[in-house]
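J.: Starting off with a structure, shown below.
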Amino acid sequence: MRMHTLFACCLSLATSLASLATQAASSILIWPINPLIEADRQKSAALWLENRGQEPVDLQVRVLAWEQEGFEDRLTPQKQVVGSPPMATLQPGKRQLVRLVNLEPPSVGTLRTYRVLVDEVLPPQPRPSQMGVQFQMRYSVPLFVVGPGAYLDDGAREAPGQGQPLAPDLRYRVVEGSDGVFLNLRNLGPAPARLSQVDLLRDSGKQPLAEGLLGYVLPGAQMRWPLPAGVRSGRVQARINESRQPQTLASE
């Protein structure tokens, strides 16, 4: 199931770097925005949902496997991680705890990537709306599950003192084709990379590509983003995951 269009609409919800919680255009608040399960430490992660609106909201929670292929995100059903409860009705001003339970840990020293989808379920309508198709909000949050003997090295917290650190290893190149000029990023490391505050360093100065989130590159995958008109070269600098300082990426 390909959901590239969906991600373009809701990825900003899942990867905001400015706060510990994220709120989309509707009344649902979700936190944390980057849940993590490390098998050596816990079997589940907590995800909180809060209704800040004036009406009750019915929500469905699903966890899908997340891969990247052909420069697109791909989501598929899986049974390794489940959300409990899978359905909830939030009254105005109330919160709901959802446990993301890891039923099948990854292999030793490896990591799996998922997306938690929270859908607003619309109540049955007595007759078709005069305004056409009714809108339903969807929220998407990344979830990473680390197997035994390893931990996610996100560039911010101190190492736990044991186990293998898993970190991204990014390479970039500028590719020009019939459909435009793109920044290609390949992740050779065993951990995902979230890129924000991305700049292209040129002889003429710094060219901002993304002041906030640019996107994710999963382990073993490559993604691409269009470059501004007239830009065909430069060194790439970005914040990776939780690192406080920008890093200059290596070129291919």
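J.: For segment 213-222, take each phi angle, set θ = phi - 60°, evaluate the Karplus expression 6.51 cos²θ - 1.76 cosθ + 1.60, and give the result in whole Hz per residue in order, putting x for glycine and proline.
T.: Running phi through 6.51 cos²θ - 1.76 cosθ + 1.60 with θ = phi - 60° gives 7, 9, x, 10, 10, 7, x, x, 10, 9 Hz.
J.: While we're here: Mind grabbing the base-10 log of I(q)/I(0) for segment 170-251 at q = 0.21, 0.26 Å⁻¹? Debye formula, identical points on the C-alpha positions, no solvent, two decimal places.
T.: -0.96, -1.43
J.: Length gain on complete extension for the stretch GLU252 to ALA65, per 0.36 nm per residue less the alpha carbon to alpha carbon distance?
T.: 64.5 nm
J.: How much length is gained if the chain between VAL121 and ARG41 is pulled fully straight, taking 0.36 nm per residue apart and subtracting their Cα-Cα distance, in nm to one decimal?
T.: 25.4 nm
J.: Determine, from the Cβ-Cβ distance of GLN78 and LEU201 and an R0 of 45 Å, the FRET efficiency 1/(1 + (r/R0)^6), rounded to the nearest 0.05.
T.: Details: r = 40 Å, r/R0 = 0.88.
In this case the efficiency is close to 0.70.
J.: Quick one: length gained pulling THR89 to GLU158 fully straight, 0.36 nm per residue minus the C-alpha distance?
T.: Stretched fully, the THR89-GLU158 segment lengthens by 21.0 nm.
J.: Starting from the Cα of ALA167, move 7 Å in the Cα-to-Cβ direction to define the label point; list residues of segment 45-75 whose amide nitrogen is under 11 Å from there.
T.: Once the point is set 7 Å along Cα→Cβ of ALA167, nothing inside segment 45-75 turns out to lie under 11 Å by backbone N.
J.: Under 12 Å from a label point 7 Å along Cα→Cβ of ASP179: give me every residue in segment 210-241 with its amide N that close.
T.: 224-226
All of the numbers you see were taken from the coordinates with simple rules; none came from a lab. In this text the structure is predicted, and so the values were computed from the model without any measurement. Neighbour counts run over all protein chains shown; Cβ positions are idealised from the backbone, glycine included.
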